[in-house]
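Shown next, in structure tokens, is the structure this report addresses.
What follows draws every value from the coordinates through simple rules; no lab data is involved. All values derive from a computational prediction rather than experimental measurement. Cβ atoms come from the backbone with ideal geometry, glycine included; neighbour counts cover every protein chain shown.
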């Protein structure tokens with residue numbers, strides 16, 4: 001817990017924490033203004049639709065999670081090597097696993113604050129339009145978001161352990177989460193025509209799906225446009241499947257990252 | 001009795017052996033200088049002792065405990081400073097040192113007092129609550145030295161501790177090391193500065209190409225190598241001019257003198273063989289000659305002579 005406490009203190013005084021807080025505020029502020037001015041029906045017709053549109057289908061919640069993962073996890077371990085802070089911490093009577101877990105908990109806590117900021121503004125807008133009526137599904141979605149954050153941080157810590165250069169680990173995780181995973185998932189579904197059950201981004205779809213009036217069917221097949229257009233299959237991750245994917249990513253990447261950090265040398 | 005021991009310690013990077021079956025056992029309260037040229041394996045050895053890298057084979061033992069197998073127990077009695085560590089830039093020295101004192105299990109009621117004491121020891125009290133990110137390299141190194149002393153450790157492992165420090169800072173670190181000796185601590189310190197090692201260390205271990213060349217007391221090592229035909233150059237300043245006849249007929253024939261020449265009217269350069277006893281005898285004889293000896297100083301330290309001879313011999 002000591003490592004977590006001081007790592008958090010370092011985060012709270014760092015520029016990146018405030019940059020993320022400001023990004024969260026900007027996104028929320030922009031959405032508040034747009035929804036307030038245009039009043040789109042998907043947002044203002046019913047309370048669940050509001051939360052589904054704001055938190056779920058806009059993909060903003062997952063974007064905030066990914067940004068937090070990159071900002072706080074991208075160089076959490078590689079920075080210890082590149083910036084030589086590891087020379088201060090590692091030669092103490094302390095297991096490397098304690099350092100790894102301590103840093104992970106600090107990154108998770110700092111990211112939760114950023115997500116809480118976004119959730120708080122979402123709820124504030126919800127109160128404005130619908131009063132204090134917060135749907136239970138939003139609570140489930142928050143829980144799934146926390147699970148997704150854990151998985152994303154597991155993944156970013158793994159890449160951070162893999163590289164000694166902070167910029168390289170941040171760049172690789174940013175490319176993977178912001179572009180590559182979504183692209184690969186789309187290609188798998190459209191070209192290989194299989195369910196992308198092994199993609200973390202697929203598992204994260206539960207965050208939005210759980211806010212639907214009726215949870216979407218697992219597999220749907222139909223024409224894309226009219227009866228003449230080709231038949232396509234759409235996969236919607238189920239909640240147990242999504243939870244399993246996120247937990248599996250968290251455990252596997254967490255263990256791999258820890259093993260890499262244990263074996264890595266300060267040369 | 002505190003001890004550190006390298007047992008057949010080997011570290012390979014591919015086909016390159018940074019350390020090759022290093023065997024070295026240091027016991028008791030003393031200061032041991034660890035010397036060798038760049039790439040000799042000094043830092044590699046210290047990094048293995050502090051879990052920063054792993055040995056390819058062999059063991060690094062602190063008080064008989066294997067660092068690799070029981071890191072917490074092995075490093076518990078140690079204060080460590082390897083290279084020039086960076087502290088989280090947003091933390092102040094008070095916070096950084098508090099973090100280490102918590103990690104090292106210093107009782108809560110003693111923490112603040114200990115932190116203030118070690119910061120005072122490295123004369124950084126004024127900077128106690130300023131962010132480390134704004135510090136110069138020398139200031140950071142002072143905090144690193146303070147960190148190594150934080151728990152009043154029995155064993156102190158230092159890797160070139162005066163790196164980045166100004167001359168005053170270097171002198172202060174030397175004084176700190178000397179005070180550790182008085183407190184019966186075991187200090188194992190690598191350094192490039194031979195004068196520093198001569199001044200503060202009781203024993204010296206020399207390493208080159210990953211192999212231990214010698215480990216003995218400072219006196220034994222220097223005696224051995226100067227007595228084995230090593231030459232020492234001595235500069236002698238005189239109160240009055242010396243003529244060539246006196247130089248050739250009275251100074252040059254003194255036993256052990258290889259050559260004697262005038263560098264200036266009142267300065268002699270004498271090359272001689274032998275150890276400290278021979279130097280003492282030469283000085284006595286020069287005084288007896290009544291040529292007005294004002295100062296008598298070897299041009300290089302005996303440790304430096306020994307070091308250069310040993311390292312040259314391994315090339």
With labels modelled as points extended 7 Å from the Cα through the Cβ direction, what inter-label distance (nm, one decimal) is found for residue B:12 paired with residue B:182? 4.8 nm
Roughly how tilted is helix B:93-103, in degrees to the nearest 10 and between 0 and 90, from the longest Cα axis of chain B? 70 degrees
When the label point is put 7 Å from the Cα of residue A:184 along its Cα-to-beta-carbon vector, which residues of the stretch A:52-68 have a backbone N closer than 18 Å? A:66-67
Relative contact order, percent, of chain B when contacts are C-alpha pairs under 8 Å separated by at least 6 residues? 19 percent
Peptides B:196-209, A:113-126, B:261-274: what's the order by average Cβ count within 10 Å, highest mean first? B:196-209, A:113-126, B:261-274
Which order do peptides A:213-221, A:64-72, B:82-90 fall in by mean Cβ count within 10 Å, highest first? A:64-72, B:82-90, A:213-221
Let me check against my output: what whole-number percent is the relative contact order of chain A, with C-alpha pairs under 8 Å and at least 6 apart? 25 percent
For the stretch A:58-134 and the stretch A:189-267, what is the separation of their Cα centres, given in Å? 22 Å
Suppose we keep just the DSSP beta bridges with both residues in the protein assembly as shown; what percent of those would be antiparallel, to 5? 70 percent
For chain B, find the longest principal axis of its Cα atoms and tell me its angle to the long axis of helix B:218-227, 0 to 90°, nearest 10. 30 degrees
Between helix B:108-121 and chain B, what is the angle of the helix's C-alpha long axis to the longest principal axis, kept within 0 to 90° and rounded to the nearest 10? 30 degrees
What does the C-alpha gyration tensor say about the overall shape of chain A? Classify as rounded when a/c is under 1.5, otherwise prolate if a/b is larger than b/c, or oblate. oblate
State, in angstrom, two size descriptors of the protein assembly as shown derived from its alpha carbons: Rg to one decimal place and Dmax to the nearest whole number. 33.6, 122
To make sure I understand, if each residue's beta carbon is the centre and we count other beta carbons within 10 Å, what order do B:10, B:162 fall in, fewest to most? B:10, B:162
Per the 1/(1 + (r/R0)^6) rule, R0 = 51 Å and r from the Cβ atoms of residue A:191 and residue B:72, FRET efficiency to 0.05 is 0.45
As a percent rounded to 5, the proportion of antiparallel DSSP bridges among beta bridges in chain B is 70 percent
